[in-house]
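Some notes on the structure that comes next.
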Amino acid sequence: MSTNILKTDENLHRCTRSGSLSARGPIEATGKDYQWLIWGLGRCDGTVRIMNGHQKSSPRVGHGYDLHRLEPVSPVGVGRPMVLAGCRIDHDRGPVSHSDGDAVLHAVTDAILGALGQPDIGELFPNNDPKFESMSSDVFLTKAVDLMRKNGFEIGNVDITVICQRPKISKYKPAMMRQITTLLGCDGGQVNLKGKTHEEVDAVGEGRAIEVHAVILLLPQES
């Protein structure tokens, strides 16, 4: 009967095509050994590592959050025109921000970066750098998507919650979701977006701020 030798941090364990494996500690396996390991694995208290440059990636989950203060739009105040998910929103208040202040794209960007274990949006695109002033936030998201692909991942799905008392975003949702889908390079069924109020509680509920949460699942790209 064919036998594989699987090296662990503590001991050597044997795994056969028809047997089972009980291991303590991380397991290293190469090539066909990994497939045999999957067939024979009964219990492993550690992690499986694929050697020789064939490391098997696991799905990644990331959470992104953004909040912007809202002020009357210029010239009445210092707020920028409101843009969410790359779509212009008709409202008399807008974000106070260094870039265009698109809280949706900022949250999605940070969700991707978080899933990848990368620096956050504020580190990659600092708000004291003049070259990012008034910049469209699709630039930031496009950079995050490029990093995602270079690291061997693709979109599983993304779930976004926009929290603001005003304006109501329901009529803008289809356009916002289409834009996000385009920027992420995924199917429409992989993107969900919800609008919530804050029941007139605190700055968000009083219409003085907007906040966005985004949760994303990244999957290893199929080879």
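Every read-out reported here was derived from the displayed coordinates using simple, explicitly stated rules and does not represent laboratory data. From a predicted model like this one, the values you see are computed outputs, not experimental measurements. Quick reminder, even Gly has a Cβ in these numbers, built from the backbone with ideal geometry, and neighbours come from all protein chains shown.
Numbers for the structure displayed
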| read-out | value |
| --- | --- |
| Theoretical gain in end-to-end length, Glu222 to Met135 [0.36 nm per residue, Cα-Cα removed] | 28.0 nm |
| Gain upon complete extension [Asn128, Lys171; 0.36 nm per residue less C-alpha separation] | 12.0 nm |
| Derived scalar couplings ³J(HN,Hα) [segment 170-187; Karplus, 6.51 cos²θ - 1.76 cosθ + 1.60; whole Hz; x for Gly, Pro] | 4, 6, 9, 4, x, 5, 5, 5, 5, 5, 5, 4, 5, 5, 7, x, 10, 7 |
| Derived scalar couplings ³J(HN,Hα) [segment 108-123; Karplus, 6.51 cos²θ - 1.76 cosθ + 1.60; whole Hz; x for Gly, Pro] | 5, 4, 5, 5, 5, 4, x, 4, 7, x, 9, x, 7, 4, x, 7 |
| Amide H within-cut-off set for Met135, under 5 Å, with H built and near neighbours excluded | Asp100 |
| FRET efficiency, Leu147 to Lys196 (Cβ-Cβ, R0 41 Å, nearest 0.05) | 0.90 |
| For segment 147-162, Karplus couplings with θ = phi - 60° (6.51, -1.76, 1.60), whole Hz, Gly/Pro x | 4, 4, 5, 5, 8, x, 10, 9, 5, x, 6, 9, 10, 10, 10, 9 |
| Under-5 Å amide H pairs with Glu154, H placed in peptide plane, nonlocal only | Leu219, Gln221 |
| Label-point separation in nm, Ala203 to Asn157, each point 7 Å along Cα→Cβ | 3.3 nm |
